[in-house]
Amino acid sequence: MSGCSRGLPHMATLSVMVLLLISIVTVTALPLHTNGRWIVDESGKRVKLACVNWASHLDTSVAEGLNHQPLDVISKGIKSMGFDCVRLTWPLLLLTNDSFASITVRHSLHNIGLLQSISGIQANNPSIIDLPLIKAYQVLLMIMIIRKINNN
């Protein structure tokens, strides 16, 4: 039980991030909701989202590809390909286990022997290499918000 309660600050932080994202999306687009199995705007007209999956739930708990390209380049690429939504996967432990969430990106990669990935992230995304995993995830969410790409 105590492991879950320690994760609550992270849950609160993520909740604020999600609320910020929702408010930005609402300001820049009509509010969306569901009607049966459809996503609709405030007038009831069906809305189609073009979403892309971006895995970050794997062993490292770091979004894939950040060792190959800067986050800004990846997010601009997502937007330029016509996607307006990202399904960003994440491990539940990131929000429920303080010791896991506080591991840095560098240590997460080092723990499973991905030394080349450490070099790649240092070169392409140096601002996140020494952040705790939860903070790196928050940076990723902020970039999606800045690019106005909805995160599901």
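The values are calculated or read from the model by the stated rules, or taken from the named source; none is laboratory data. Keep in mind that this is a model prediction, so the values were computed, not measured. For neighbour counting, all protein chains shown are included, and Cβ atoms are generated from backbone atoms with ideal geometry for every residue, glycine included.
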* Take the residues of the range 35-64 that are touching a Lys or Arg at 6+ places or on another chain (Cβ under 6 Å) and either surrounded by fewer than 14 Cβ atoms within 10 Å (Cβ to Cβ) or in contact (Cβ under 8 Å) with a residue 40 or more places away in the chain (or both): which is farthest from Pro126 (Cα to Cα)? -> Trp38
* **In the range 107-127, residue farthest from Ile143 (Cα to Cα) [restricted to those that are small (Gly, Ala, Ser) and surrounded by fewer than 17 Cβ atoms within 10 Å (Cβ to Cβ)]** => Gly113
* Of all residues in the range 86-143, how many are of a type in the set (Val, Ile, Thr) and farther than 20 Å from Val73 by Cβ? -> 6
* Is it true that Gly65 is more than 18 Å from Leu140 (Cα to Cα) and assigned to a loop (DSSP other than H, G, I, E, B)? -> no
* In the range 65-106, which residues are free of Cβ contacts under 8 Å to residues at least 12 places away in the same chain, over 20 Å from Ala50 (Cα atoms) and buried (at least 16 other Cβ atoms within 10 Å of the Cβ)? -> Gly65
* Asked: Across the range 76-105, what is the number of residues that are at pLDDT 90 or above, part of a helix (DSSP H, G or I) and in contact with a helix residue (DSSP H, G or I) (Cβ under 6 Å, 6 or more places away or on another chain)?
  -> 1
